[in-house]
Amino acid sequence: QQQVKQSPQSLIVQKGGISIINCAYENTAFDYFPWYQQFPGKGPALLIAIRPDVSEKKEGRFTISFNKSAKQFSLHIMDSQPGDSATYFCAAEGTYKYIFGTGTRLKVLA
Amino acid sequence: NAGVTQTPKFQVLKTGQSMTLQCAQDMNHNSMYWYRQDPGMGLRLIYYSASEGTTDKGEVPNGYNVSRLNKREFSLRLESAAPSQTSVYFCASSESRINTGELFFGEGSRLTVL
């Protein structure tokens, strides 16, 4: 079974700190790596995504770092805010396959 | 713009009862999906419909059936509910099944089977 392994399961960060969530995948055919953000009682929503032809993508305070040779990618949230408190899912997609990680519950303390 | 709408939002069933979760999208997307979300297990694909008129099994299809009623609507049916089906169910849609890109999710349906 193809997997996307996500860590940590939970994360507590002080306001203004950096939150880092890591994912590793197995299938080299994956070619799209999104991160989804989910608030309690809501469905996941796309936060940021990257394709393997670049090593980093930044959108505001959110950055994806991608290491193709290690088959790993990570989400960095700079200047973390209480409003960032949510569950974050990484995912990997290839043709006809879209696999999610198990999620990271982030809590940012005010 | 409603996006993906799921009904009902909450449901309690007794073991053996049946029910249907409804999903509709107004984005003219071709592909639709049903996922279940359980603590520590992420989102797992139950069934998907790549286009109107087609449906296929995902990772965890046992105990479920689906119907792609038209391009907008995709329903999930539990014929004989079991406690193991207690979960939060999400419907999602995308423009295409190939190189899916962004998935658009509904707000979820929380199902409890007693």
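The values are calculated or read from the model by the stated rules, or taken from the named source; none is laboratory data. Quantities reported herein were computed from a predicted structural model and do not represent experimental measurements. All Cβ positions, glycine included, derive from the backbone under ideal geometry; neighbour counts span all protein chains shown.
Numbers below:
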| read-out | value |
| --- | --- |
| Filter pass, A:Thr63 being β-branched (Val, Ile, Thr), modelled with pLDDT under 95 and either closer than 26 Å to B:Cys91 by Cα or buried (at least 18 other Cβ atoms within 10 Å of the Cβ) (or both) | no |
| Subset of the stretch A:63-100 that is without any contact (Cβ under 8 Å) to a residue 24 or more places away in the chain and part of a strand (DSSP E or B) - its residue that is nearest to the other protein chains (Cβ to nearest Cβ) | A:Tyr98 |
| Any hit, the stretch A:12-23, residues being at pLDDT 95 or above, within 14 Å of chain B (Cβ to nearest Cβ), surrounded by 15 or more Cβ atoms within 10 Å (Cβ to Cβ) and not in a loop (DSSP other than H, G, I, E, B) | yes |
| Test for B:Tyr35: is it within 25 Å of A:Leu47 (Cα to Cα), of a type in the set (Phe, Trp, Tyr) and free of Cβ contacts under 8 Å to residues at least 40 places away in the same chain | no |
| Out of B:Leu76, B:Leu103, sole residue that is more than 17 Å from A:Tyr36 (Cβ to Cβ), of a type outside the set (Val, Ile, Thr) and surrounded by 17 or more Cβ atoms within 10 Å (Cβ to Cβ) | B:Leu76 |
| Tabulated pairs, the stretch B:1-23, first within 14 Å of chain A (Cβ to nearest Cβ) and modelled with pLDDT under 95, second part of a loop (DSSP other than H, G, I, E, B) and surrounded by 11 or more Cβ atoms within 10 Å (Cβ to Cβ), C-beta under 6 angstrom, 6+ apart or interchain | B:Ala2/B:Asp26 |
| Complete set of residues in the stretch B:26-38 that are among the polar types (S, T, N, Q) and within 12 Å of another protein chain (Cβ to nearest Cβ) | B:Ser31, B:Gln37 |
| Selected residue (criterion: surrounded by the most Cβ atoms within 10 Å (Cβ to Cβ)) from residues of the stretch B:39-62 that are more than 10 Å from every other protein chain (Cβ to nearest Cβ) and farther than 16 Å from B:Phe90 by Cα | B:Thr55 |
| Only one of B:Glu52, B:Glu59 that is out of contact with any Asp or Glu (no Cβ under 7 Å at 6 or more places or on another chain) and farther than 25 Å from A:Arg51 by Cα | B:Glu52 |
| Residues (touching a residue at least 12 places away in the same chain (Cβ under 8 Å), more than 11 Å from the chain's Cα centre (by Cα) and not in a loop (DSSP other than H, G, I, E, B)) located in the stretch A:38-58 | A:Gln38 |
| Search result, residues across the stretch B:72-90 that are modelled with pLDDT of 95 or more and outside any strand (DSSP E or B) | B:Arg72, B:Ser80, B:Ala81, B:Ala82, B:Pro83, B:Ser84, B:Gln85, B:Thr86 |
| Conditions (1) under 12 Å from the mean Cα position of the chain (by Cα); (2) of a type in the set (Gly, Ala, Ser); (3) within 13 Å of chain A (Cβ to nearest Cβ); number of the one not met by B:Ser87 | (3) |
